Amino acid sequence: MRILSGIQPSGSMHIGNYLGAVRQWVASQNPDAFYCIVDLHALTLEIEPQKLREQTVDYLASLLAAGLDPELCTLFIQSQVPYHAQMSWLLECVATYGELSRMTQFKEKASRQHGYRVGLLTYPVLMAGDILLYSAQQVPVGDDQRQHLELTREIAERFNNRYGSVFTVPEGVQPAASSRVMDLQDPSRKMSKSLASPMGTLYLFDEPSEIDKKIKKAVTDTDNEVRFDWDAKPGLSNLLEMYASFSGESPVEVAERYSRYGDLKKDLSELVVTSLAPIRQRYRELRDDEAALQALAARGAAKASEVAGPLYERVAAAMGLLAGR
Ligand code: AMP
Ligand code: TRP
């Protein structure tokens, strides 16, 4: 099964990224799976160059620590495969301004700043290129990427109709639970890297004491009945889903075992800390050997280019470009 997915190296990886996306990547890795750190996407918002450089390497180590095996799948850095940026231009000439300006994520991010970058608008086209360059059949992502996936399908179909059948039309895949982990302090909004909410965001590499503090202080409600009900009890339901994702049960099963919020929070905190402990440990070892990480990225980029290059040439030729001839 051909799979592609990506993650931005902005901010630190949080539990939403892990449960919504990365854990699925690990479960579905195979020789036909491609996972990329999308550093070009990270340029759409202000980021210090030195920070971007460091975080890109942090993410390589984090993804390996979380269980990606570069012998089994291809792990690479988006900007090291130049076809992504090239493909993005071609697809900008397939997508329309109207459809891009209607994207929820764009509207949200653009409304928070003056003079947003054009890249913030065209971001989903770059993402579509990431996916289509690898003829991906499946794209494991969290719920917030559904709309971008729909747009990718739309672009692929439009291209195929206009220029001939080159693209595979991909499908998004979401995990059974925790496809949308909410902020612990404000369960009406998703846990996010771009909004500073330190107490609301559980980072993968938070100290155990911080994880404990954040979970114990998570906003719930006052009626003290443990029940899985997103509408009436979003804060509690978020915790129940998180618990279920780690324990492999359903949120309803978890809810049945508890009668007090405090007990649930205490057990959840232990479960999260013990589940993440091996990842923390491996991360420290891997992050120390930067030369090995760089070499691994170079191998990944070479493998990715073997697939992306020929596809890019087909797209360019189909559109009438003499590129590559
Ligand atoms: P990003 O950090 O925006 O690059 O997202 C990387 C992956 O994590 C994407 O597949 C997102 O859908 C997923 N993701 C991000 N935030 C959350 C969240 N709060 N809950 C579940 N999945 C998420
Ligand atoms: N836009 C995605 C996000 O913010 C990241 C991403 C970029 C991606 N390219 C992708 C995800 C390709 C899946 C496939 O989460």
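The values are calculated or read from the model by the stated rules, or taken from the named source; none is laboratory data. Quick caveat: nothing in here was measured; it's all calculated off a predicted structure. Glycine also receives a Cβ, built like all others from the backbone with ideal geometry; neighbour counts cover every protein chain displayed. Just so you know, the surface numbers come from the protein's heavy atoms only, side chains and all, with ligands and any DNA or RNA stripped out. Shrake-Rupley method; radii C 1.70, N 1.55, O 1.52, S 1.80 Å.
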Might you work out the accessible area of residue 46 for me, using a 1.4 Å probe with all protein chains in place, and round it to the nearest 10 Å²? 130 Å²
Can you list the residues, at least 5 places off or on another chain, whose amide H is less than 5 Å from the amide H of residue 172, using H built in the peptide plane? 139
Karplus-derived 3J(HN,Hα), 6.51/-1.76/1.60, for each residue of region 38-45, Hz, glycine and proline x: 8, 5, 5, 5, 5, 7, 6, 10
With equal scatterers on the alpha carbons only and no solvent term, can you work out the Debye log10 of I(q)/I(0) for the chain at 0.07 1/Å? -0.30
Which entries in 190/213; 190/217; 51/265; 107/190; 213/233; 193/303 show an alpha-carbon gap greater than 23 Å? 51/265; 193/303
Counting pairs of alpha carbon atoms under 8 Å apart in space and at least six apart in sequence, what relative contact order in percent does region 180-284 give? 25 percent
Based on the Cβ-Cβ distance from residue 252 to residue 2, what FRET efficiency comes out when R0 is 30 Å, to the nearest 0.05? 0.30
Any DSSP H helix in the chain with Cα axial reach of 20 Å or more and mean Kyte-Doolittle score of at least -0.5? Listed by number, the hits are 49-66, 118-132, 290-318
Sum up the charges of everything whose Cβ sits under 11 Å from the Cβ of residue 175, counting Lys and Arg as +1 and Asp and Glu as -1, but leave residue 175 out. 0
Can you list residues from other chains, or at least 5 along the same chain, whose modelled amide H is less than 5 Å from the amide H of residue 33? 3, 74
Can you show me the helix-derived [θ] at 222 nm for the chain, built from DSSP H runs with n ≥ 4 at -39,500 (n - 2.57) apiece and divided by the number of residues, rounded to the nearest 500. -16500 deg cm²/dmol
Please report the net charge: other residues with Cβ closer than 13 Å to the Cβ of residue 32, K and R +1, D and E -1. +1
Find the centroid of the Cα atoms in region 276-314 and in region 1-74, then give the distance between the two in whole Å. 9 Å
Report the Rg/Rh value for region 180-284, based on alpha-carbon coordinates and the Kirkwood definition of Rh. 0.95
At a Förster radius of 51 Å, what calculated FRET efficiency corresponds to the Cβ-Cβ distance of residue 289 and residue 117, to the nearest 0.05? 0.90
The relative contact order of the chain, taking Cα pairs under 8 Å that sit 6 or more residues apart, comes to a percentage of 23 percent
Surface per residue (accessible, 1.4 Å probe) for region 238-291, Å²: 51 Å²
